[in-house]
Every structure is written in C-alpha cells, then in structure tokens.
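J.: My questions will all concern the structure given below.
The values are calculated or read from the model by the stated rules, or taken from the named source; none is laboratory data. Values in this document were obtained by computation on a predicted structure and should not be read as measured data. For neighbour counting, all protein chains shown are included, and Cβ atoms are generated from backbone atoms with ideal geometry for every residue, glycine included. Ligands, DNA and RNA are excluded from the accessible area calculation, which covers all protein heavy atoms including side chains. Shrake-Rupley method; radii C 1.70, N 1.55, O 1.52, S 1.80 Å.
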Amino acid sequence: MINSIQQFCQDGAHRLTDIFSNYTSDLTKIAEMVYGVTDEVTKLGCSIIAEEWESYDELLRIRKDLRPGWYIVRKDETSLITSLGEVVYHKTLFKNTDTGESCYLLDQLMGLEHHARITEDAEARILKEASESSYRKGGANASINGDSISKEAVMNKLHRLEFPVLKVAEQKELKTLYIDADEDHVSLQYLEHKGDIKKPRNNTVMPRIIYVYEGVDTDEEGRPKLINTKYFGGVYDGQEEIKKLWTEVLDYINEAYDFEQINRIYINGDGAPWIRTGEKIIPKSKFALDKYHMHKYIIVATSHLEDSADDVRSDIYRAIHKKKKWMVEGVFDQILAVTEKETKCKAIEHAKAYILGNWSGIMLSMKSQDTNVRCSAEGHVSHVYADRMSSRPLGWCRIGADKMSRLRIYRYNQGDILELVRFQKKELKQVAGAEEVIYSASEMIAMEKANRQRLGALADLPVYSIPYPQIKKIAALKNHIWGL
C-alpha cells in the first residue's frame, strides 16, 4: 500500500492537478473532471490492492515456516477483475516436496478457484445487472471502469448457481395467512440442446411463482401493499416437482409462524391444477378463485352476444351471488343454444367448465368477509418474471429460465447478491486444532524496527508506523493450513 501511495504522490497527484487545472479553464466540463478523477482514483485503488496481495505472497516467499513442505518454483504475473477494475499483480508458484503437486499458495489463502478471473464483488455486480437486463450488459458491468467478461461466461455462472434456503429471523403468531400463485410463459430456444424443438407447442416453459404474505396495507400514496411478502419459485414440471415447491412453502410457514395459532390459510389463484395442489400440501388452507379470471371467462363466453351480452353477464353474476350453481349452468346452456360457430361453442364450453370446476373457490372468494382475499399474482408475475424473461422477444434454455427465475425470486426476497456468490464457494480445508499465534515482545520490537527501515521518512506517520497489520498477516498465514 505504501509504495502505491508514494507512487501516486509522485505521479498521480500531478495528473490530478492537471485535471483540475483544465477544469478551471472551463467550469462546464464537469463530466471530464469526474471521469478524470474516477480514473486516477481507481488506478490508485487497484495498485493498492495489488500491493496488498503481493505483500502476502512475499511473506510466503521469505518465511519458510509459513509454508512447511513447499518450495519456490517461480513467480508469475496474473490479474483479477474486481468491481474497481482489473488488478495486475505477481504471485509465486510453489511445489510440495512430498506430493509433487504445484500450487499458488496465495490463491489458496484468498479462497480463489483454479484459473479464477474475477473476484466475488465483481461477480455480484455481474449477476445483479444480468438479472435486470441481459447477459451482455451483466458482463460489461463487471467493474466501474469498464472491464468486462463475455456474455457466455455470465450465462455459465448463472447456470451453476445454487440458492440457499430462505432464512427466518423470528417466529410470529398470526391467525390468517395468504398465498397467491401463478406462472409465467417463457419462450425456449431449445430443451436440452439446440435444434431439439420440432413443434411450436413445445417451445415454452412455465416458471411458477408462489408468495406468502400476512395481509394487505396501503402505502403513502394509498396503493395496496402486501405485508412481509416472501417469494418461492422456479421451473417445477411434473406432479412431484409441484409437490416439492409447495413443500418448500410449507417448510417456510412452519419456520416463520406458529402453525398452531393459524386458523386459515387462503390460496389465491386462477384454479390451475398445480395451484389447487397447494390445498393438499398446506394444512388449514382453502382455495379462493382469483376474481380476475372469473370475470375473464364470463366475458369470453358472452362477448359475441352483442346487445344482450350485458344482460346475460348479469344473469351469471346474479346466480353466483345467490350461490346457485345449477342456475349458472343453465345460463351457459342458454348461451350455447343461441351460438352457431363451432369455435365459439368450444370457448363457451371451456368457460363453463372453468366456472363450474372452480365453484368452491368462487364461493369462498364471494362469501369471505376478509377483504384481504384478493389476488395480485398477475402483477407479481409481470414484475418478478416478465420484466426480465418474457416481456421482450427473448429465448431461453430450460436451465437458464429456471436459474434466472430463482435469481429474480432471491432478489425480491431482499437477498444479498454478494452472499449468494459466497454461498457457491466450497470451504477451504482447515486443519483441526489451529491455534492462535502469539508473538513475544522481542518479535514485536524486531518487526517494528524492520518496519521503520522499510518506511523511511514515512515511518513517523501514525497510520504507517503501527506494525500490527504485518503481525496479523503472518498470523493469518500461520493459521491457514494448506490442505493439499
């Protein structure tokens, strides 16, 4: 760090002076001033980071007691893309005397995988941008100074993501919970490999979304706002996968709430079979049909009736409010009797089957005195999924659609992207019983003397004269056992 600062004082400060001098001649050139300062500061930051990493590598080179069983092979130049910019530094290749294995011990200390090219903070920036816009923009957003990786590399990182179980801070006691569920329709480029989609009907995948909330409030502008919303979702195909999704929801409810205190759980949705499965998995739950879809199918069945359409719709709604299923069935039969087009008859039959098949959900929705029994799933699908995955002409593979939907879910659950990146890392092997390193007074005095010789005139500055950073570095190296 010290060398970098000294170098900056010699050269960087002069460049900053020139930048501000140019700005003085034309105060409207704000952008040029900001760009210039940003460039110089990021260069300084990258230089400091490189020097810090090299200081650990140097300790490994000169202190054989820190690397028992390893001897020096050579020193190589390498680089890592960080969120600040590309950091170019040197590291030493060591070889184990017993196993013959070669290794960069600094990489092990830093927790870097073999051939790692980017750091965790840069990867977090990439995934955050990729979840909002595109793989290409995600790769271009690796660092603030424009260093980038390819869109293929971004896609590969997304495909390898694994996600942690949703954490719960504390358990609550509530009488009623609400669950909304729906799905998006995402276009596929291919199923397993390019060219394997032969028929148009097979070119979509449906990421599911389920969210649990405690009720509905209003924000400062009077708009409805769900209370303590938690999301679940991804590509779950097949009955067993659907059961797995609902079981994840149930596990969360058991963790977050005292289930014994819950009287009723409302499951709101469009009546799709996979949504109705929730009734079988979640105890104390009842399905309530989303009124939007009820209205949608009634309009579909009556839109061709022209002047009499409003009267027929009123008859259907009147029968529903009277809770007379047979009356609703009769109205649909009357509509079919006056409809000639075969295609329209099929649409009416489908609407009839939908209304009658979801009759219990309609009745629960209509008779419930709970004003929170209403579904906003269409809007959530739009914001959580469609904004990134289906609102524009995009093509996905199945695993990409699954991982992106889960990444979007993770972000809407206020998950930290950096923590997600770290979740992917495998813990380095630690030797059992590693003890704290304790230094004697003579060792500390010797370190202080060496520190002053190295710093020269800068040694009198308090920020540089303290030897403890060096001590802590050696302690970190001693406590880190290379499990190789």
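J.: Being hydroxyl-bearing (Ser, Thr, Tyr) and under 20 Å from GLU120 (Cα atoms) is the filter here; which residues of region 73-99 pass it? Break it down stepwise before answering.
T.: Keep residues of region 73-99 that are hydroxyl-bearing (Ser, Thr, Tyr), which gives 78-79, 82-83, 89, 92, 97, 99.
THR78, SER79, THR82, SER83, TYR89, listed by residue number.
J.: Filter region 153-176 for residues that are exposed (fewer than 15 other Cβ atoms within 10 Å of the Cβ) and under 18 Å from VAL421 (Cα atoms) and give the result.
T.: Those that are exposed (fewer than 15 other Cβ atoms within 10 Å of the Cβ) and under 18 Å from VAL421 (Cα atoms): ASN156, HIS159, ARG160, GLU162, PRO164, VAL165, LYS167.
J.: Buried (at least 16 other Cβ atoms within 10 Å of the Cβ) and out of contact with any Asp or Glu (no Cβ under 7 Å at 6 or more places or on another chain): does that describe SER376? Working first, answer last.
T.: Numbers: buried (at least 16 other Cβ atoms within 10 Å of the Cβ): yes; out of contact with any Asp or Glu (no Cβ under 7 Å at 6 or more places or on another chain): no.
Spelling it out, it is not the case that SER376 is buried (at least 16 other Cβ atoms within 10 Å of the Cβ) and out of contact with any Asp or Glu (no Cβ under 7 Å at 6 or more places or on another chain).
J.: Among the numbered criteria (1) under 24 Å from PRO393 (Cα atoms); (2) part of a strand (DSSP E or B), which one does VAL212 miss?
T.: (1)
J.: Counting just the residues of region 266-287 that are assigned to a loop (DSSP other than H, G, I, E, B) and without any contact (Cβ under 8 Å) to a residue 40 or more places away in the chain, which one comes out nearest to ASP402 (Cα to Cα)? Working first, answer last.
T.: At the first step, the residues of region 266-287 found to be assigned to a loop (DSSP other than H, G, I, E, B) are 270-272, 282-284.
Adding the requirement that they be without any contact (Cβ under 8 Å) to a residue 40 or more places away in the chain leaves 283-284.
On the way: PRO283: 28, LYS284: 30 Å.
Ranking the candidates gives PRO283 first.
J.: If ILE118 meets every condition in (1) under 15 Å from TRP53 (Cβ atoms); (2) at pLDDT below 90; (3) of a type outside the set (S, T, N, Q) apart from one, which number is that one?
T.: Condition not satisfied by ILE118: (2).
J.: Out of everything in region 66-110 that is touching a residue at least 60 places away in the same chain (Cβ under 8 Å) and over 39 Å from the mean Cα position of the chain (by Cα), what residue ends up being farthest from VAL41 (Cα to Cα)? Give the derivation first.
T.: Initially, region 66-110 is screened for residues touching a residue at least 60 places away in the same chain (Cβ under 8 Å), giving 66-67, 70, 81-86, 96, 99, 101, 103, 105, 108-109.
Of the ones still in play, those that are also over 39 Å from the mean Cα position of the chain (by Cα) are 70, 96, 99.
Details: TRP70: 38, ASN96: 40, THR99: 44 Å.
Selected residue: THR99.
J.: Sticking with this structure for a sec: Within region 247-265, which residues are assigned to a strand (DSSP E or B) and closer than 24 Å to GLN414 by Cβ? Walk me through how you get there before you give the answer.
T.: Going residue by residue through region 247-265, those that are assigned to a strand (DSSP E or B) are 257, 264-265.
Selection gives TYR257, ILE265.
J.: Of everything in region 326-354, what is open to solvent by 40 Å² or more (accessible area, probe 1.4 Å), over 21 Å from LEU289 (Cβ atoms) and either of a type in the set (S, T, N, Q) or in a helix (DSSP H, G or I) (or both)? Give them in sequence order.
T.: As a first pass, look at region 326-354 and keep what is open to solvent by 40 Å² or more (accessible area, probe 1.4 Å): 326-327, 329, 333-334, 337-338, 340-344, 346, 349-350, 353.
Checking the rest, the ones that are also over 21 Å from LEU289 (Cβ atoms) come to 333-334, 337-338, 340-344, 346.
Within region 326-354, ASP333, GLN334, ALA337, GLU342, THR343, LYS344, LYS346 meet the criteria.
J.: Quick one: THR371 ticks every box in (1) of a type in the set (Val, Ile, Thr); (2) modelled with pLDDT of 90 or more; (3) open to solvent by 60 Å² or more (accessible area, probe 1.4 Å) except a single one, so which number is it?
T.: Just one mismatch for THR371, condition (2).
J.: Still on this structure: Would you check if LEU84 is within 27 Å of GLY138 (Cβ to Cβ), outside any helix (DSSP H, G or I) and open to solvent by 40 Å² or more (accessible area, probe 1.4 Å)? Spell out the reasoning first.
T.: Details: within 27 Å of GLY138 (Cβ to Cβ): yes; outside any helix (DSSP H, G or I): yes; open to solvent by 40 Å² or more (accessible area, probe 1.4 Å): yes.
Taking the combined requirement at face value, the residue satisfies it.
J.: Modelled with pLDDT under 95, exposed (fewer than 13 other Cβ atoms within 10 Å of the Cβ) and more than 30 Å from PHE287 (Cα to Cα): is that true of GLU220 in this structure?
T.: Values: modelled with pLDDT under 95: yes; exposed (fewer than 13 other Cβ atoms within 10 Å of the Cβ): yes; more than 30 Å from PHE287 (Cα to Cα): yes.
For GLU220, the condition - modelled with pLDDT under 95, exposed (fewer than 13 other Cβ atoms within 10 Å of the Cβ) and more than 30 Å from PHE287 (Cα to Cα) - is met.
J.: Considering only region 32-41, state which residues are open to solvent by 50 Å² or more (accessible area, probe 1.4 Å), of a type outside the set (Asp, Glu) and over 22 Å from VAL88 (Cβ atoms).
T.: The answer is VAL34, and nothing else.
J.: Then there's this: Taking ILE5, is it more than 30 Å from GLY139 (Cα to Cα) and outside any strand (DSSP E or B)? Spell out how you get there, then give the answer.
T.: Values: more than 30 Å from GLY139 (Cα to Cα): yes; outside any strand (DSSP E or B): yes.
Criteria met by ILE5.
J.: Got at least one residue in region 366-380 being hydroxyl-bearing (Ser, Thr, Tyr) and either more than 14 Å from LYS291 (Cβ to Cβ) or touching a helix residue (DSSP H, G or I) at 6+ places or on another chain (Cβ under 8 Å) (or both)? Please lay out each step first, then the result.
T.: Of all residues in region 366-380, those hydroxyl-bearing (Ser, Thr, Tyr) come to 368, 371, 376.
This time we only want the ones that are either more than 14 Å from LYS291 (Cβ to Cβ) or touching a helix residue (DSSP H, G or I) at 6+ places or on another chain (Cβ under 8 Å) (or both), so: none.
The answer is no; no qualifying residue exists.
J.: Ok, one more. For VAL165, indicate whether it is under 30 Å from ASP290 (Cβ atoms) and modelled with pLDDT of 90 or more.
T.: Details: under 30 Å from ASP290 (Cβ atoms): yes; modelled with pLDDT of 90 or more: yes.
Criteria met by VAL165.
J.: Go over the candidates ILE320, ILE316 one by one and state the one that is of a type in the set (A, V, I, L, M) and without any contact (Cβ under 8 Å) to a residue 40 or more places away in the chain.
T.: Details: ILE320 fails: without any contact (Cβ under 8 Å) to a residue 40 or more places away in the chain.
That would be ILE316, the only listed residue that is of a type in the set (A, V, I, L, M) and without any contact (Cβ under 8 Å) to a residue 40 or more places away in the chain.
J.: Under 6 Å by Cβ, and 6 or more places apart or on different chains, what pairs join a residue from region 153-168 that is touching a residue at least 24 places away in the same chain (Cβ under 8 Å) and under 25 Å from TYR252 (Cβ atoms) with one that is of a type in the set (A, V, I, L, M) and open to solvent by 50 Å² or more (accessible area, probe 1.4 Å)?
T.: none
Quick grid of which residues meet (1) open to solvent by 80 Å² or more (accessible area, probe 1.4 Å); (2) basic (Lys, Arg); (3) not in a helix (DSSP H, G or I):
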residue	(1), (2), (3)
ARG15	yes, yes, no
THR28	yes, no, yes
LYS43	yes, yes, no
TYR56	no, no, no
LYS75	yes, yes, yes
LEU93	no, no, yes
ASP98	yes, no, yes
HIS115	yes, no, yes
ILE126	no, no, no
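J.: Of everything in region 390-410 that's more than 26 Å from ILE227 (Cα to Cα) and hydrophobic (A, V, I, L, M, F, W, C), which residue is surrounded by the most Cβ atoms within 10 Å (Cβ to Cβ)?
T.: Only one residue tops the list, namely ALA401.
Residue-by-condition table, conditions (1) part of a helix (DSSP H, G or I); (2) among the charged types (D, E, K, R):
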position: ASP237; (1), (2): no, yes
position: LEU245; (1), (2): yes, no
position: ALA301; (1), (2): yes, no
position: ASP315; (1), (2): yes, yes
